[in-house]
Amino acid sequence: MLAHAETNMRCGNYIIGAGNTRDEIVSRCGEPADKRTSTLPSTYRNRHGEIVVDSSKPAQEISEWVYNFGSDKLMMQLRFVDGQLQDVKTLGYGY
């Protein structure tokens, strides 16, 4: 399934974009067809260019949601970091 980067998603009369919260999106778009959540440690690059875990900062919660609007419309994938929408991608046609 190919993905194409977008900046917004339309739900009825609402435009959903970066910065919206999960609660705002559910209230405007309903529940997604699929949800996946993982936790990643906070990291930084040291002066040698190595990626190092920063134990002084809390881990980030990463969530990916997929909205399936039916077989005649494109599915949309939403990526959240710590509850805020970061990006929207267009997937293939729904089912």
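Observations
- Search result, residues across the range 26-51 that are β-branched (V, I, T) and within 30 Å of N68 (Cβ to Cβ): V26, T37, T39
- Restricting the range 52-69 to residues that are closer than 29 Å to A33 by Cβ and among the polar types (S, T, N, Q), the residue that is nearest to the chain's Cα centre (by Cα): S63
- Within the range 19-32, being touching a residue at least 12 places away in the same chain (Cβ under 8 Å) and surrounded by 14 or more Cβ atoms within 10 Å (Cβ to Cβ) holds for N20, R22, I25, R28, C29, P32.
- Extreme residue, farthest from G12 (Cα to Cα), among residues of the range 60-69 that are modelled with pLDDT of 95 or more and not aromatic (F, W, Y): E61
- Any hit, the range 15-37, residues being of a type in the set (S, T, Y) and either in contact with a Leu (Cβ under 7 Å, 6 or more places away or on another chain) or farther than 30 Å from Y95 by Cα (or both): no
- Of the numbered criteria (1) surrounded by 12 or more Cβ atoms within 10 Å (Cβ to Cβ); (2) under 17 Å from Q86 (Cβ atoms), the one T39 fails is (1).
- Scan of the range 1-18 for residues that are among the charged types (D, E, K, R) and at pLDDT below 90, ordered by number: E6
- In this structure, T37 does not satisfy being part of a strand (DSSP E or B), at negative phi and touching a His at 6+ places or on another chain (Cβ under 8 Å).
The values are calculated or read from the model by the stated rules, or taken from the named source; none is laboratory data. Because the structure is a prediction, the values reported are computed rather than measured. Backbone-built Cβ (ideal geometry, glycine too); neighbour counts: all protein chains shown.
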